[in-house]
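Notes follow the structure.
Bear in mind these aren't lab numbers, they're just calculated from the coordinates by the rules spelled out. If you're wondering where the values come from, they're calculated on a predicted model, not measured in any experiment. We place every Cβ from the backbone using ideal geometry, glycine too, and count neighbours over all the protein chains shown.
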């Protein structure tokens, strides 16, 4: 396209498109200028401009306002940079690589040359894969477009039927109005009113005939005719009296027929009628990974925003709060009320910092687990407690939808639970739960026992669902590792355990990192364990640098982990490089049980940490 071309730097040729850029001269040259330039300076580095200039390497830094020669290499970011990029003074874009591992281009040249052949081969292999992937992607896009058009057609057909029914209903009501009023007129004998336009002449004629008959009475002629004239006047009087009565009755009854409209209710139904669902949003599980644009871990700063007293279970309870965006567009934090012996659930607006509603005495004993699920048009809250109860609530009404009692025989009750939508039956939910020294128990949406899985000799304290592409897995943590089951067939996938480790494997998530699915777990073993989920091998074991049990964690951009520790500190790790990054200012006085990340209504990223010290602290990522 014409706008992609740059012009020749020579003043007399400033309207001619350039075809060459000379790095030494730092000028653009048209065909005429290049002819002389190549003869005079045949050893200069000249770059052809046969493509978009933005895609052509010209040896100059592309950072705005830099335009200096690329004479250095940043090993940290694997990119070329100029003298202003590595400047110690950070100003107006300068110094963004001042803290990096920098070297001269000459120092990296041999290394890059040695890797070039290997990289070319890898690129060729990847190219074949990409070609196949592009073909497959085109087929997927074609199918998606087909599905999209089918869905749109179904919507149009559905609403055409609705419009036709509305039009038919309108015609029915209009006809019903006519019939109803006609029946009322007939019922009230208003038929005489049909003669109302002829009556004045009839009355006039009757009066004239009566006056004429009065004169005939003195002559005493035709007596029958005289009597008939008198009778006509009497009948007319009766008719007029009847008409007047009918008029008064009609006047009093004319408002007794009404149209009863349910317009507001109909409009509400129409606004909610129909929904678009995919497999991913039939039921929204707990957040797994948070993507934050332009996230720079070295610049991360957490600022305390709120301090809420929150009830927790023991150090091994990591699902003691839930954070969600409700159907009413509220940013809601659900947590255990520390002031009610940990039996009630409070819902708190995490943006406006005020209580929204609460469920008093939700359970008879301490609540261990709270989770949120976006199920079609409903906000569901799952809670489970020390006394073996599992309950599902309608958040909007705070109504109890389902209660499952006496799940386990052990005194510690249900430590963790989760809801899973059965793909084979959209109306069937499975409720999974774990406790100590018992099987993983499964119930259906009616509260009836469905199935046991696993073994009954483990102290399980965590369970949840993870979906990877088209497959779903149930993940459970215990004193015998992390056990994963396929869903919905519920067969064993794998037990992630190293050397018969008997530590408590408290918390795990499956995320995509380094282009593979990794299972990340923490517990009482003083390290972050990273497993390759596909080939089931241990990739890394990152030590925590202090002897303490690790609490819950949050994942950012499938790379950085924010992890809570027994000593109340939050630390950051880079799981791509398997290294510790930094500590954050200590705010908790004891174990940080969990960390969650949300976006507020202004798009800012907020970090919520909660701990055994009954504190929930809200931070902001700057």
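Here is how the numbers come out for the structure above:
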{"item": "Peptides 227-234, 30-37, 120-127, 560-567 ordered by average Cβ neighbours within 10 Å, highest first", "result": "560-567, 30-37, 227-234, 120-127"}
{"item": "Estimated FRET transfer efficiency (residue 47, residue 599; beta-carbon r; R0 41 Å; 0.05)", "result": "0.40"}
{"item": "Gain upon complete extension [residue 163, residue 219; 0.36 nm per residue less C-alpha separation]", "result": "12.3 nm"}
{"item": "Value of relative contact order over region 479-544, rounded to a whole percent, pairs C-alpha under 8 Å and six or more apart", "result": "22"}
{"item": "Alpha-carbon spread of region 9-84, three principal axes, descending order, Å", "result": "43, 25, 20"}
{"item": "Rg/Rg_globular for region 437-563, with Rg_globular taken as 2.2 N^0.38 Å and Rg from C-alpha atoms", "result": "1.07"}
{"item": "Projected label distance in nm at residue 298 and residue 499, using a 7 Å step from Cα toward the beta-carbon", "result": "3.5"}
{"item": "Amide N of region 317-351 lying under 12 Å from the label point, which is placed 7 angstrom from the Cα of residue 396 along Cα→Cβ", "result": "326-329"}
{"item": "Linear extension gain, residue 536 paired with residue 207, 0.36 nm per residue minus alpha-carbon span", "result": "107.0 nm"}
{"item": "Net length gained if the chain between residue 233 and residue 15 were fully extended (0.36 nm per residue, minus Cα distance)", "result": "67.3 nm"}
{"item": "Packing rank of 198-210, 66-78, where each peptide gets the mean count of other beta carbons within 10 Å, highest leading", "result": "66-78, 198-210"}
{"item": "Rel. contact order, % - alpha carbon contacts under 8 angstrom, at least six apart, region 429-515", "result": "19"}
{"item": "Pairwise FRET efficiency - residue 69 versus residue 32, Cβ, R0 = 35 Å, nearest 0.05", "result": "0.85"}
{"item": "Convex hull volume per residue for region 91-143, taking Cα atoms only, in Å³", "result": "140"}
{"item": "Projected label distance in nm at residue 489 and residue 579, using a 7 Å step from Cα toward the beta-carbon", "result": "4.3"}
{"item": "Per-bin percent of Cα-Cα distances, region 16-170 [10 Å]", "result": "9, 19, 21, 19, 12, 9, 7, 4, 1"}
{"item": "Size of region 55-102 as Cα extents on the principal axes (Å, biggest first)", "result": "28, 22, 15"}
{"item": "Ranked list, fewest to most other Cβ atoms within 10 Å of each Cβ, for 10, 181, 533", "result": "181, 10, 533"}
{"item": "Whole-angstrom gap from region 321-349 to region 496-575, using each part's C-alpha centre", "result": "27"}
{"item": "When the convex hull of its Cα atoms is projected in every direction, mean area for region 112-183 (nm²)", "result": "7.3"}
{"item": "Rel. contact order, % - alpha carbon contacts under 8 angstrom, at least six apart, region 319-362", "result": "28"}
{"item": "Rounded if a/c under 1.5, otherwise prolate or oblate - region 1-40, Cα gyration tensor axes", "result": "prolate"}
{"item": "By average C-beta atoms within 10 angstrom, highest first, the peptides 142-152, 501-511, 474-484", "result": "474-484, 501-511, 142-152"}
{"item": "Spacing of the two label points (7 Å from each Cα toward its C-beta) at residue 245 and residue 378, in nm", "result": "6.2"}
